[in-house]
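Enquirer: My structure is below; once you've seen it, I'll send some questions.
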Amino acid sequence: MNTDSVICPYCPHHCRLSEGSLGFCRARTAENGRSVPLNYGKVTSIALDPIEKKPLAHFFPGSRILSVGSYGCNLRCPFCQNHEISQSSGDLMRELYDLTPERLLRISRDEKPEGNIGVAFTYNEPLTSWEYVRDASELLHEDGQKTVLVSNGCFTDDVIDEVLPVLDAMNIDLKAFHEGFYKNCDGDLETVKHFIKRAEGSCHIELTTLIIPHENDSHEEMDALSSWIASLNPEIPLHITRFFPMFQMTDRGPTDIGRMRELYDIASSHLKYVHLGNV
């Protein structure tokens, strides 16, 4: 056993890291016996977006938010829309911008005349560098701005404890409601469910499920998924979004709109707010 290695405690992979090695997320390594982010403040994408694009339908609707993303992700979804950055490590990225929390604050403040309410951490999996999310959010809050996280939610309490106090809203992917789906993405359903339970009541949350033909589109699964959400709080909004062929999943066409509407009706029998996306 390498005595210089460390077990990363922040997601279910629990990677054994040594100096210079990369974790499964391609964004963390070991330094002085600790798991540290290589992508701290390394920004690949930044844009001023409508808040509805996150998607958040019940958090300052009609406003805009400055969206920032880095690289890396602790899942391997074959349908990933942002695989160029989420499935890359820093040395493979053509352009990386150094954006300290202080500089991000200044940029976000300058965007306020255009209706910006704060910053959304999104595009890749932001919690591969939860330290950056925490540090930047603390500064943004001091300035009176809002903070939003778009995440797969597949992280441990070590991360949840650090970021929940500094976030105003989240959109969390609840990708499916059977463990086999998550295993195909190298994730863990129970970890995501725990994350959602912790977030509910701490900040505003909305959930998103991408409906993929022959994977998570059965009536029975939507009934189980939406009834579980309702058991936490029937007023948690659920976004049911339509799949289009992407990345490694081009062996099927887009989700049938008729099936989307059937799943919408099932979810609406349990939840107060259900939204159809990409239709």
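The values are calculated or read from the model by the stated rules, or taken from the named source; none is laboratory data. Given the structure is predicted, the values throughout are model-derived calculations rather than measurements. Here Cβ is always computed from backbone atoms with ideal geometry, including for glycine, and neighbour counts include all displayed protein chains.
Enquirer: Restrict the check to segment 128-137 and report whether at least one residue is of a type in the set (A, V, I, L, M, F, W, C), out of contact with any helix residue (DSSP H, G or I) (no Cβ under 7 Å at 6 or more places or on another chain), buried (at least 16 other Cβ atoms within 10 Å of the Cβ) and at pLDDT 95 or above.
Expert: Within segment 128-137, not a single residue is of a type in the set (A, V, I, L, M, F, W, C), out of contact with any helix residue (DSSP H, G or I) (no Cβ under 7 Å at 6 or more places or on another chain), buried (at least 16 other Cβ atoms within 10 Å of the Cβ) and at pLDDT 95 or above.
Enquirer: Now, a different point. In segment 25-71, how many residues are β-branched (Val, Ile, Thr), in contact with a helix residue (DSSP H, G or I) (Cβ under 9 Å, 6 or more places away or on another chain) and outside any strand (DSSP E or B)?
Expert: Total meeting the criteria: 1.
Enquirer: So residue 275 fits all but one of (1) of a type outside the set (S, T, N, Q); (2) in a helix (DSSP H, G or I); (3) in contact with a strand residue (DSSP E or B) (Cβ under 9 Å, 6 or more places away or on another chain); (4) under 19 Å from residue 200 (Cβ atoms); what number is the exception?
Expert: Failing condition for residue 275: (2).
Enquirer: Right, next: Working carefully through the options 232, 238, find the one that is more than 19 Å from residue 278 (Cβ to Cβ) and either touching a helix residue (DSSP H, G or I) at 6+ places or on another chain (Cβ under 6 Å) or at pLDDT 95 or above (or both). Spell out how you get there, then give the answer.
Expert: Details: 238 fails: more than 19 Å from residue 278 (Cβ to Cβ).
Of the residues listed, the single one that is more than 19 Å from residue 278 (Cβ to Cβ) and either touching a helix residue (DSSP H, G or I) at 6+ places or on another chain (Cβ under 6 Å) or at pLDDT 95 or above (or both) is 232.
Enquirer: Among the residues of segment 1-21, write down those that are crowded, with 18+ Cβ neighbours inside 10 Å and either in contact with a strand residue (DSSP E or B) (Cβ under 6 Å, 6 or more places away or on another chain) or farther than 25 Å from residue 191 by Cα (or both).
Expert: Hits for segment 1-21 are 6, 8, 17.
Enquirer: Out of the residues in segment 99-126 that are under 21 Å from residue 27 (Cα atoms) and in a helix (DSSP H, G or I), state the one that is nearest to the chain's Cα centre (by Cα).
Expert: Only one residue fits best here, namely 126.
Enquirer: Applying the selection to segment 164-197, what residues are among the aliphatic types (A, V, I, L, M) and either closer than 22 Å to residue 223 by Cβ or assigned to a helix (DSSP H, G or I) (or both)?
Expert: 164, 166, 172, 174, 176, 189, 192, 196
Enquirer: Out of all the residues in segment 245-279, which are under 23 Å from residue 87 (Cα atoms) and under 19 Å from the mean Cα position of the chain (by Cα)?
Expert: 246, 247
Enquirer: Same structure again: May I ask you to say which residue of 215, 190, 221, 206 is at pLDDT 95 or above, at negative phi, surrounded by fewer than 16 Cβ atoms within 10 Å (Cβ to Cβ) and not aliphatic (A, V, I, L, M)? Outline the logic, then answer.
Expert: Values: 215 fails: surrounded by fewer than 16 Cβ atoms within 10 Å (Cβ to Cβ); 221 fails: surrounded by fewer than 16 Cβ atoms within 10 Å (Cβ to Cβ); 206 fails: surrounded by fewer than 16 Cβ atoms within 10 Å (Cβ to Cβ).
Only one candidate passes the filter, namely 190.
Enquirer: Being free of Cβ contacts under 8 Å to residues at least 40 places away in the same chain and under 30 Å from residue 251 (Cβ atoms) narrows it down to one of 31, 84, so name that one.
Expert: 84
Enquirer: For segment 198-232, which residues satisfy the criterion of being assigned to a strand (DSSP E or B), of a type in the set (A, V, I, L, M, F, W, C) and within 17 Å of residue 179 (Cα to Cα)?
Expert: Within segment 198-232, 210, 211 qualify.
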